[in-house]
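To start, the structure under review is shown below, and the notes come after it.
The values are calculated or read from the model by the stated rules, or taken from the named source; none is laboratory data. Everything numeric here is computed off the predicted structure, so don't read it as measured data. Here the Cβ is made from the backbone with ideal geometry for all residues, glycine too, and neighbour counts use every protein chain on show. Quick note on the areas: whole protein, heavy atoms, side chains included, nothing else; ligands and nucleic acids left out. Shrake-Rupley method; radii C 1.70, N 1.55, O 1.52, S 1.80 Å.
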Amino acid sequence: MSEAAANATPLHLTGHSGMSIELNASGALRRFSRGDIALALFVGNEVEDGVGNIYLRLLGPEVKFTPLLGPSSPTGFWRHDSGDAVCGRGEWLGIRYSIALVLSKTAPAWFWHVRLENTHAVSRRLDLTYAQDLALAPYGAVRLNEFYVSQYLDHSALTHPEHGVVIASRQNQPADGRNPWSLIGSLRSGASFATDALQLHALASRAGAAPEGVARMKEAHPDVPIVTAAVDRCLNDHGYIVPGLGDAGDRMFGTK
């Protein structure tokens with residue numbers, strides 16, 4: 001972590017309906033809650049982009065993308081003078097953009113507003129993907145075990161006649177006799193959805209990825225962005241990663 005990142009001041013927003021959002025100076029979502037209920041599952045930091053993010057994609061023969069939040073994004077962030085919004089601005093591959101996070105003044109709702117400007121002479125096809133890790137549970141329970149909390153979430157994809165896909169999510173593990181819920185959609189029109197991180201990132205979002213697996217994913221799903229921390233050398237005849245430890249279960253229990 002750079003000294004600038006270590007000394008950076010987080011950005012805070014507080015809504016009139018009890019919603020509170022804290023972002024790191026890089027725009028990575030750190031805390032997101034309403035009262036004692038945490039909406040976000042993971043706590044963001046200045047080193048990683050975080051699970052909750054907005055991705056800008058440039059479509060074409062080769063799909064390219066960039067996160068708009070976090071240290072890997074080209075966005076510079078600041079808190080608006082009014083105190084009601086966090087704003088950002090950047091440029092990527094000749095696309096100028098601005099982004100703003102705004103909390104509603106009348107309802108427990110949040111909005112991401114994104115404006116795009118193409119500086120190239122030819123038209124270009126772009127889209128935006130909003131990813132949000134949901135907890136909908138008390139913060140203490142989330143920090144105790146994120147996976148336990150997340151397995152009780154129920155997601156339903158609804159279709160609005162004007163605004164397209166809307167994701168309705170409900171926490172089936174009661175919190176003080178309540179079952180928190182949320183709706184996530186678009187003010188324009190949601191075109192598609194995914195309710196599992198594997199559907200968005202694929203297996204390549206794990207710590208490493210074999211080139212054979214990456215190639216297979218690109219062939220089967222050419223429009224899906226693949227994010228991985230590293231690419232391994234290859235797979236051996238048994239399908240194990242090279243270099244690697246072989247079968248971790250066999251090594252742990254001595255079955256081979």
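Observations on the model:
- Test: residue in the range 33-41 that is more than 18 Å from Leu187 (Cα to Cα), hydrophobic (A, V, I, L, M, F, W, C) and open to solvent by 50 Å² or more (accessible area, probe 1.4 Å): no
- Subset of the range 54-70 [modelled with pLDDT of 90 or more and surrounded by 14 or more Cβ atoms within 10 Å (Cβ to Cβ)]: Ile54, Tyr55, Leu56, Arg57, Leu58, Phe65, Thr66, Pro67, Leu68, Leu69, Gly70
- Any strands (runs of 3 or more DSSP E) falling wholly within the range 23-92 and containing at least 1 residues that are of a type in the set (Ser, Thr, Tyr): 29-34, 53-59, 64-67
- Glu22 being at negative phi and free of Cβ contacts under 8 Å to residues at least 12 places away in the same chain: no
- In the range 130-150, residue surrounded by the fewest Cβ atoms within 10 Å (Cβ to Cβ) [restricted to those that are over 19 Å from Gly35 (Cα atoms) and over 18 Å from the mean Cα position of the chain (by Cα)]: Asn145
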